There are 2 protein chains.
Amino acid sequence: MSFKLTILGSSSAIPTIDRNPTAQLLNVNERFFLIDCGEGTQVQLRKYQLSFQRISHIFISHLHGDHYFGLIGLISSMHLLGRKKDLHIHAHKELKEIIDLQLRSSDTELNFPLFFHPIPEDLEGVIFEDDNIKVSNLLLDHSIKCSGFVFEEIRSKRKIIKSEVEKLNVPYDKMKSLKNGVDWINKKGEIIPNEQLTIENSKPHTYAFCSDTRYNEQLISKIEGVDLLYHETTFKKDLEERAFQTGHSTTLQAASIARRSNVKSLLIGHYSQRYRDFQELADESKEIFENVIVSYSGLEIDFKKLQ
Amino acid sequence: MSFKLTILGSSSAIPTIDRNPTAQLLNVNERFFLIDCGEGTQVQLRKYQLSFQRISHIFISHLHGDHYFGLIGLISSMHLLGRKKDLHIHAHKELKEIIDLQLRSSDTELNFPLFFHPIPEDLEGVIFEDDNIKVSNLLLDHSIKCSGFVFEEIRSKRKIIKSEVEKLNVPYDKMKSLKNGVDWINKKGEIIPNEQLTIENSKPHTYAFCSDTRYNEQLISKIEGVDLLYHETTFKKDLEERAFQTGHSTTLQAASIARRSNVKSLLIGHYSQRYRDFQELADESKEIFENVIVSYSGLEIDFKKLQ
């Protein structure tokens with residue numbers, strides 16, 4: 001199972017020649033989830049040779065432009081390039097109105113089914129689930145309503161030892177129970193212990209995306225122990241007041257959340273335009289939490305390789 | 001007086017790494033007019049070091065995304081960068097609804113006055129005029145309602161000979177009448193002939209922007225003799241039927257309009273994604289009309305130097 005994140009943009013507010021606003025692509029077993037979609041995201045996807053027709057679900061955290069102004073263009077290009085397969089958008093309800101109005105104004109009837117799933121505004125919980133992944137929303141503390149997302153891989157407890165089940169001719173319909181740790185009884189009535197046919201599966205991967213938000217201790221219990229926490233660091237530590245006023249966080253605040261929630265790694269981003277050297281921001285975060293990754297366009301994070 | 005056009009994007013439909021959708025910047029005596037604003041236009045303006053805060057008027061031809069998806073991002077960046085001065089948008093009325101909805105959804109109250117001027121849907125005429133320029137709309141024949149624009153420089157008939165008026169101490173309030181060809185009577189009652197104080201002014205520059213449109217002979221009389229005609233050439237000559245079906249033009253059709261309206265130069269663009277070599281499109285147009293310019297991002301056309 002692949003579980004990989006590609007950063008398509010890591011800046012805040014204003015796109016420039018070399019800095020793209022927020023967008024990330026999560027690949028869970030070749031199923032693609034786009035998280036936020038600032039202006040120019042479709043070109044970033046092309047740049048990193050990530051087929052946007054394979055994206056099945058798009059999650060938009062909030063309706064500030066640097067997190068969604070690229071969405072209508074992406075939808076439009078999917079349409080023009082002949083997409084047929086379903087697209088699911090999870091976002092606050094106003095986004096549906098914006099998309100509908102823009103499609104109507106251009107007299108466009110999409111070639112593909114577009115399903116819009118409003119994110120609850122005051123409740124947290126699972127907003128999407130299939131065999132591979134469960135996605136929950138988080139209530140963030142920003143200047144407008146804003147949602148974080150937790151992506152949890154779903155895995156069986158046990159992993160089949162292919163050579164053993166083939167050798168003993170275990171029927172295919174028994175695989176599910178084997179994965180859940182159940183022993184197998186063969187035609188002769190012999191009990192084959194589960195341990196002979198399976199091994200323990202590795203821990204499922206987890207990713208928490210938190211942008212944009214003030215320092216918010218209520219997040220801690222909800223993201224406890226995730227493999228990777230993306231937490232915005234719009235400002236350096238000296239601008240804590242500015243961060244509070246604008247609904248953002250500093251390097252130290254993000255690191256404090258990471259430390260207190262015992263995550264494995266912290267991914268920082270959503271940098272203010274005033275900063276050029278993002279390593280300086282990482283160094284500040286490292287004062288509190290050691291395992292810090294600097295996000296930049298094109299960065300690919302393979303969760304299997306996270307320490 | 002400067003009269004210069006910079007191309008910011010010349011492709012149709014889908015933005016890619018090296019091809020931007022339609023946007024052009026017209027500089028009339030250091031007053032900046034943006035014509036169309038596909039996704040990524042604000043980054044193109046930065047790339048070519050054209051300050052977008054100096055843009056006073058934006059003209060949007062129609063509400064297909066490749067002509068306006070970059071507008072809300074541009075407005076948003078103008079706001080975030082502290083713009084105070086007025087911005088005027090000329091577009092079909094639905095665009096106001098789209099902008100208003102997006103600003104409302106992000107709880108944004110712009111720092112600067114935004115004036116929206118709906119383009120008449122069924123009428124042609126002057127839609128903006130000041131001391132330097134007159135802008136008229138054209139009804140184009142596209143798949144949705146679509147407007148072309150004619151930009152006509154306003155100049156006095158005569159140009160002051162500075163050394164002469166200084167020598168004779170002609171009062172400042174007489175300049176307007178001098179520019180209109182009137183003689184000057186000095187304090188002694190002597191008539192100073194206008195020809196002594198002024199010379200004939202050069203012809204005002206004119207630019208017609210026609211994208212997107214089918215071949216439309218009704219345009220001919222309205223763009224007669226302009227210095228530069230931008231006429232879309234989405235397709236090569238072999239795809240005339242496809243052009244008609246999709247509301248576009250071929251290389252030969254654009255050239256035919258240019259020839260029959262006696263324009264000085266034809267600027268081609270809005271190329272379909274299927275073409276890589278735009279010179280091939282220009283060569284086709286040249287079969288009918290010789291003076292063809294290929295538009296590409298970054299091209300600057302100084303109307304003074306047009307042949």
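Which residues, counting only those in the range A:78-99, are at pLDDT below 95 and crowded, with 19+ Cβ neighbours inside 10 Å?
Listed by number, the list is empty, since nothing qualifies.
Hey, does the range B:86-94 have a residue that's in a helix (DSSP H, G or I) and within 14 Å of another protein chain (Cβ to nearest Cβ)?
Taking every residue of the range B:86-94 in turn, at least one turns out to be in a helix (DSSP H, G or I) and within 14 Å of another protein chain (Cβ to nearest Cβ).
Residues in the range B:22-45 that are surrounded by fewer than 23 Cβ atoms within 10 Å (Cβ to Cβ) and either of a type in the set (Asp, Glu) or more than 16 Å from B:Leu5 (Cα to Cα) (or both): how many?
1
Please verify whether the range A:41-50 includes one or more residues that are touching a Pro at 6+ places or on another chain (Cβ under 7 Å), of a type outside the set (S, T, N, Q) and either outside the structural domain of A:Cys146 (by TED's automatic domain parsing) or over 22 Å from A:Ser147 (Cβ atoms) (or both).
So far as the range A:41-50 goes, yes, one or more of its residues are touching a Pro at 6+ places or on another chain (Cβ under 7 Å), of a type outside the set (S, T, N, Q) and either outside the structural domain of A:Cys146 (by TED's automatic domain parsing) or over 22 Å from A:Ser147 (Cβ atoms) (or both).
Is it the case that A:Ser272 is among the small types (Gly, Ala, Ser) and free of Cβ contacts under 8 Å to residues at least 12 places away in the same chain?
no
Among B:Gly125, B:Gly82, which is the only one that is closer than 30 Å to B:Glu217 by Cα and among the small types (Gly, Ala, Ser)?
So the residue among B:Gly125, B:Gly82 that is closer than 30 Å to B:Glu217 by Cα and among the small types (Gly, Ala, Ser) is B:Gly125.
Which condition number in (1) free of Cβ contacts under 8 Å to residues at least 24 places away in the same chain; (2) touching a strand residue (DSSP E or B) at 6+ places or on another chain (Cβ under 7 Å) is the one that A:Leu140 fails?
(1)
Can you list the strands (runs of 3 or more DSSP E) lying wholly within the range B:222-307 that have 2 or more residues being under 21 Å from B:Asp18 (Cβ atoms) and not assigned by TED's automatic domain parsing to the domain that holds B:Leu138?
In the range B:222-307, no matching strands (runs of 3 or more DSSP E) lie anywhere.
The values are calculated or read from the model by the stated rules, or taken from the named source; none is laboratory data. No experiment lies behind these values; they were computed from the predicted model shown. Quick reminder, even Gly has a Cβ in these numbers, built from the backbone with ideal geometry, and neighbours come from all protein chains shown.
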